[in-house]
Structures are given as structure tokens and as C-alpha cells.
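Trainee: Just dropping this structure here.
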Amino acid sequence: MIFATRQLQEKCQEMRTHLYNTFVDLTKAFDTVNRDGLWKVMQKFGCPERFTHMVRQLHDGMTARVSDNGTVSEAFAVTNGVKQGCVLAPTLFSLMFSAMLKDAYRDELPGIRIAYRTD
């Protein structure tokens, strides 16, 4: 990744063009999914209502406990995120991430910009 980024940077310097990089740290990203937003996104992407309801039932009422040095906390409600270890979790996160990217780029012109040089 670093090698490719460095190559891209050098080519842009050579061509005297701007380079804008964005790195997104998706560590712990599954924990940040807003569930109310997820249900809406699932509906928007055409997931059947029955399936959405089933996924919702898997997530509603989730609780967790924290263990620290042998001491276990009281149970507390988990209201954000998708279920860790669930086979659906990556797909559910991808739905949310896709919706976010669509929203971020909704005003962009469609298509691919191809840059070239003639020398």
C-alpha cells in the first residue's frame, strides 16, 4: 500500500498535478453502525421486509458485560453496531458503507476520468 502510494505521489509530481489521498481506518467499524440507519438502508436497497425484521430481531435487546481482571460488570444495553462474529455482519456493514459513499459522491459527475500524457 505504501509503495503504491509513493509511486502515485511521484507520478503526480512528475506530471505537476495535485494528489489528494484519504485513508480510512475501519478498525472497530462494525461497532459504529447506527442501527436505525441500517434498517432504513436495508429498505432503500430493496431488502425484503421480512428479512430486515429478522435481522432486527437478532440485534434488538443485545446486552454485554465487561470482564476486567476477573471482575465482571453488570449487563448493559448495546445499541450500536452489528453483531460481532455474525456471518451477516460484513454484509450489513458494507450496506451502510455503500450508502455513505453514495451520499458522499451524489453530486459528482458519473464516469471515470482518464488522465494521460503524450510525451
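No lab work stands behind these numbers, since they all come straight from the coordinates. As the structure is a prediction and not an experimental result, all values here were calculated from the model. All Cβ positions, even for glycine, are placed from backbone atoms using ideal geometry, and neighbour counts span all protein chains on display.
Trainee: Between a first residue in region 54-83 that is free of Cβ contacts under 8 Å to residues at least 40 places away in the same chain and loosely packed, with under 14 Cβ neighbours inside 10 Å and a second residue that is among the acidic types (Asp, Glu) and not in a strand (DSSP E or B), which pairs have beta carbons less than 8 Å apart while being 6 or more apart in sequence or on different chains?
Mentor: Listed pairs, sorted by first residue: ARG65/GLU74.
Trainee: Name the residues in region 55-70 that are out of contact with any Phe, Trp or Tyr (no Cβ under 7 Å at 6 or more places or on another chain) and among the basic types (Lys, Arg), would you?
Mentor: Of everything in region 55-70, just one residue is out of contact with any Phe, Trp or Tyr (no Cβ under 7 Å at 6 or more places or on another chain) and among the basic types (Lys, Arg), namely ARG65.
Trainee: Also: Within region 1-33, can you find the residues that are within 26 Å of PHE93 (Cα to Cα) and charged (D, E, K, R)?
Mentor: ASP25, LYS28, ASP31
Trainee: GLN7: touching an Asp or Glu at 6+ places or on another chain (Cβ under 8 Å) and assigned to a helix (DSSP H, G or I), yes or no?
Mentor: no
Trainee: Step by step: first the residues of region 4-47, then only those that are under 30 Å from ALA115 (Cα atoms) and of a type in the set (S, T, N, Q), then the one that is surrounded by the fewest Cβ atoms within 10 Å (Cβ to Cβ). Which residue is that?
Mentor: Ranking the candidates gives THR22 first.
Trainee: If we scan region 90-110, do we find a residue that is within 14 Å of ASN34 (Cα to Cα), surrounded by 10 or more Cβ atoms within 10 Å (Cβ to Cβ), β-branched (Val, Ile, Thr) and under 23 Å from the mean Cα position of the chain (by Cα)?
Mentor: No - not one qualifying residue is present in region 90-110.
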